[in-house]
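Q: Below: one structure in C-alpha cells.
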Amino acid sequence: MEKRERFELDSNVIQKARRKSYRNMVLASFIVVVTIVVTSSLLAWQWNNWRLHEKMVDTELRYDVYGMNRYIGNFEEKVRPWGAEAKAPTYSLVANRPANTARLESPFHEPRAYIEPSETVRYLQNGRKLKMWYAPSASYGELANERAQLLHMPETKRLELAVSLDRSYSVEEWNSRFGSLEVAYWLEDGAEAESDEPIDERFAVGVSITNEAGKRYASPFDQFVEDATRYVERTKDTYVGKVLEAYKKEPRIRGVLLVGSPNELYEATESEAVRATSIGAIIDYYEEEVQ
Amino acid sequence: MNKTLQWILTIAIGLVIISLAWPIASFSLFGTAEGTSIFSIDYAIAFLLMIIPLFVVGLLAVSTYRGVTKWVYAGYGLATIEMLVLAGLVFSSLPFTIFVIGILFVSATSVYGLVQLKKER
C-alpha cells in the first residue's frame with residue numbers, strides 16, 4: 001500500500017514537471033516571437049522614416065535647381081512600421097501666388113507623359129502647360145513664338161513667359177534688362193547642343209530669384225551654387241554637375257523667365273535679344289486697378 | 001534558441017533602443033544655449049536619457065554571454081516593453097507619466113537582474 005502511494009506521488013511529480021516545462025516553453029516562445037516582431041517592426045519603421053527623409057531632401061533640392069519658377073511646398077508624411085509615404089504640393093509662383101498646383105507623391109517621380117498639340121507646345125496630362133526653352137547654339141525646325149498671344153489677353157491676367165535669348169549673355173552683360181519682371185534665369189550648360197529638341201521646364205536648370213514663399217533671396221546666384229552643389233553631392237546628377245561647372249567657369253545665362261501682365265510682357269519682349277517665347281502658368285488677377 | 005540568433009536579436013534591440021532614445025535625448029537639449037560646456041547638467045541629463053534605457057541591453061548581453069536562459073527571456077520581455085514605451089513617446093502620443101514609469105520599471109528590473117547574475121557567479 002505504501003509503495004503504491006509513493007508511486008502515484010512520483011508520477012504526479014513527473015506530470016507536474018512536464019506541464020511546467022511545457023508552460024515555460026510556450027511562454028518563452030511567445031516572448032521571443034513578440035520581441036522579434038516588435039524589434040523588426042521598429043527597425044523597419046526607423047529605416048523607412050530615414051529613407052523617406054533622404055528622398056524628401058533630394059526632392060526639395062531638385063526643385064531648387066530644376067523647374068524654372070517651379071516650387072515644392074510642405075510635405076505631409078505618413079510613416080508606418082511597414083511603409084512610409086509623403087506628398088507635397090508643387091506650384092509655380094505668379095504674382096506671388098501659387099498657380100498650376102499639382103500633388104507630388106512619394107517616391108517623387110515627375111509626371112513624364114505629355115500631350116503635344118504642336119511642335120512648340122507641350123501639356124502634361126494634368127493640364128499644366130510646360131514652358132519651352134530653346135538653346136541659342138542649336139537650330140530648331142520651329143521656334144515657339146507665343147508673344148502675339150499676349151495681345152489677345154485681358155489686362156486682368158498675370159502670366160509666366162519663358163524667353164529664350166539669341167545668344168548666351170554673361171550675368172554682368174545682361175544686367176537684368178527686363179527689370180522687376182525677371183523671376184528666374186536659364187543657365188548655359190557649357191555643352192555643344194546636339195539635339196534639336198526644345199527643353200521643357202522640367203529639365204531646365206536655372207536660378208530662381210525668390211524662394212518657395214515668393215521672398216527674394218539676398219543673392220540668388222550664391223543660393224543656386226549652394227543648392228546645386230548639395231544636390232550634385234547627394235544625387236550625382238551629371239547634368240546639374242555640368243551646368244555648375246560651366247557656371248563656375250563663367251556665369252552665363254541663355255534665357256530668362258518673366259512674370260507680369262500681358263501688356264508689360266509684350267512691350268518688354270520687343271527686344272532683339274529675344275529668340276523664342278513660351279507661355280507658362282496664367283492666373284486671373286484683379287488686385288490692381290486696371291487702366 | 002540558438003546563441004547566434006540570441007546575439008543578433010540583442011544587437012537589433014540595442015539598435016532600436018539607441019535610435020529611439022537618441023531623439024529624446026537630443027530633444028532634452030532643445031532649450032540649452034549654444035556653447036554650453038559638455039560637463040553641464042543639461043548634457044548630464046541628455047547622457048542619462050541615453051544610458052538608462054540601455055541597462056536592459058546590458059542585462060541581455062551579460063545573460064546571453066553567460067547562457068542564463070531565465071534572464072535572457074526576462075530581458076526580451078523587458079526590452080519589448082521598453083521599445084514599445086519609447087516608440088510610443090517618439091512616434092505617438094503616449095502620456096509622459098507612463099513613459100517614465102515604464103522606463104524606470106524596466107531599468108530597475110534590469111539592474112536587479114544584473115545584480116542577481118553577479119551573485120550567481
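The values are calculated or read from the model by the stated rules, or taken from the named source; none is laboratory data. Remember, predicted model here, so these are calculated numbers, not experimental data. Heads up, the Cβs are rebuilt from the backbone with ideal geometry, glycines too, and the neighbour counts pull from every protein chain shown. For the accessible areas, the whole protein counts, side chains as well, though only heavy atoms, and no ligand, DNA or RNA atoms are used. Shrake-Rupley method; radii C 1.70, N 1.55, O 1.52, S 1.80 Å.
So that you can scan it fast, the table gives a plain yes or no per residue for (1) free of Cβ contacts under 8 Å to residues at least 40 places away in the same chain; (2) over 20 Å from the mean Cα position of the chain (by Cα); (3) within 18 Å of A:TRP186 (Cβ to Cβ):
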{"residue": "A:GLU212", "(1), (2), (3)": "no, no, no"}
{"residue": "A:PRO220", "(1), (2), (3)": "yes, no, yes"}
{"residue": "A:TYR239", "(1), (2), (3)": "no, no, yes"}
{"residue": "A:TYR247", "(1), (2), (3)": "no, yes, yes"}
{"residue": "A:ARG254", "(1), (2), (3)": "no, yes, yes"}
{"residue": "A:LEU265", "(1), (2), (3)": "no, yes, yes"}
{"residue": "A:GLU270", "(1), (2), (3)": "yes, yes, no"}
{"residue": "A:ILE279", "(1), (2), (3)": "no, yes, yes"}
{"residue": "A:ASP284", "(1), (2), (3)": "no, yes, no"}
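Residues are listed down the side, and each one gets a yes or a no for (1) in a strand (DSSP E or B); (2) more than 22 Å from A:ARG128 (Cβ to Cβ); (3) away from chain B (no Cβ under 14 Å):
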{"site": "A:VAL32", "(1), (2), (3)": "no, yes, no"}
{"site": "A:ASN48", "(1), (2), (3)": "no, yes, no"}
{"site": "A:LEU61", "(1), (2), (3)": "no, no, yes"}
{"site": "A:ASN74", "(1), (2), (3)": "no, no, yes"}
{"site": "A:LYS78", "(1), (2), (3)": "yes, yes, no"}
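Q: Restricting attention to segment A:254-267, which residues are among the hydrophobic types (A, V, I, L, M, F, W, C) and either out of contact with any Leu (no Cβ under 6 Å at 6 or more places or on another chain) or open to solvent by 70 Å² or more (accessible area, probe 1.4 Å) (or both)?
A: Passing the criteria: A:VAL256, A:LEU257, A:VAL259.
Q: Taking A:THR39 as meeting all but one of (1) open to solvent by 20 Å² or more (accessible area, probe 1.4 Å); (2) under 30 Å from B:THR10 (Cα atoms); (3) modelled with pLDDT of 90 or more, write down the number of the exception.
A: Checking A:THR39 against (1) open to solvent by 20 Å² or more (accessible area, probe 1.4 Å); (2) under 30 Å from B:THR10 (Cα atoms); (3) modelled with pLDDT of 90 or more, the one that fails is (1).
Q: Does segment B:77-99 hold any residues that are open to solvent by 50 Å² or more (accessible area, probe 1.4 Å) and either facing another protein chain (nearest Cβ under 10 Å) or modelled with pLDDT of 95 or more (or both), and which are they?
A: Across segment B:77-99, the qualifying residues are B:ILE81, B:LEU84, B:VAL90, B:PHE91.
Q: For segment B:3-32, give me the residue count where each residue is within 11 Å of chain A (Cβ to nearest Cβ) and open to solvent by less than 90 Å² (accessible area, probe 1.4 Å).
A: Qualifying residue count for the region: 12.
Q: Considering only residues that are in contact with a strand residue (DSSP E or B) (Cβ under 6 Å, 6 or more places away or on another chain) and in a loop (DSSP other than H, G, I, E, B), which ones fall in segment A:121-145?
A: Listed by number, the residues that qualify are A:ASN126, A:ARG128, A:LYS131, A:TYR134, A:PRO136, A:LEU143, A:ALA144.
Q: Pairs only if they're at least six apart or on different chains, beta carbon under 7 angstrom, first in segment B:15-38 and over 21 Å from B:LEU84 (Cβ atoms), second at pLDDT 75 or above and open to solvent by less than 70 Å² (accessible area, probe 1.4 Å); list them, first residue then second.
A: That search, which allows pairs on different chains as well, returns B:LEU29/B:ASP42; B:LEU29/B:ALA46; B:THR32/B:ASP42; B:THR36/B:ASP42.
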